[in-house]
Structure formats: C-alpha cells, structure tokens
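Notes for the one structure printed next.
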Amino acid sequence: MMTTQSPSGVPTPANGTQLTLIAFIRARKGMGDELGRRLWTLVEPARAEPGNINYDLHRSNEDPDIWVLYENWKDAADLTAHFELPYMKAFVAALPEVLEGEMDLRRCAMVTTAAAKA
C-alpha cells in the first residue's frame, strides 16, 4: 500500500530517512564460492550495527559468480558509518583478489510501508 504520493501522483519515500542499499557483486571466474565466503562473514557484524534494519545475502540462480546484498539502514549516516568500520575497510581492501569489475551499488528509498505478515 502506498502511503505517500506527491501532487503529481508519483510515489515518494514512505519511511522517512530509511535507506536501502542493493549491491550487485560479480566474482572473478571461478571465485564465486570464495567471494560468497567473504560476504558471509559480513552478515552478522552488519546486523549487529545499531543503524542496521536488515542485511541479507543472495546468490544468483543463473550465475554462481553473482552475489547480491540487500540492506536497509535507518538513515544514510548509518550506512556511511558501516563503511568506516575496520571489518568493512578490510573487506573492501581485499576485494580486488576476487572481484570482477566494480561493485554495482544502488541506493533506494522505499515508497511503500513494510508488509505486515501474520
């Protein structure tokens, strides 16, 4: 359900300053499992950060070298702080060993309220 619309009828952010980050990450050929192991080590520390809402790791069904992180943060400052933590700096510094190309990072604003499931 949309909660907010602009006068033009275009949906606008419904969750205040909440920020979604979707990261598409491609491993070098044959390095998909290794990249996955490294990404897996980020999940619990990220989830423990005070500004984190969720931090979920996905692997492509079509290409085992493609990984996706789906993250929600209370606000942009929390995401900025996340990237400044030592474990994230170490992860990013070691990425060239397993990464093909650049990470594709997409910042988004949710325009619906979160669905409540019974």
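Against the test of being polar (S, T, N, Q) and either touching a residue at least 40 places away in the same chain (Cβ under 8 Å) or surrounded by 14 or more Cβ atoms within 10 Å (Cβ to Cβ) (or both), the options 61, 72, 54 yield a single qualifying residue, 72. Among the residues of region 25-44, which ones are open to solvent by less than 10 Å² (accessible area, probe 1.4 Å) and either in contact (Cβ under 8 Å) with a residue 40 or more places away in the chain or of a type in the set (S, T, N, Q) (or both)? Selection gives 25, 27, 35, 42.
The values are calculated or read from the model by the stated rules, or taken from the named source; none is laboratory data. Owing to the predicted nature of the structure, the values given are computational and were not obtained by experimental measurement. Every residue, glycine as well, gets a Cβ built from its backbone with ideal geometry; the counts of neighbours run over all protein chains shown. SASA here: full protein model, heavy atoms, side chains in, ligands and nucleic acids out. Shrake-Rupley method; radii C 1.70, N 1.55, O 1.52, S 1.80 Å.
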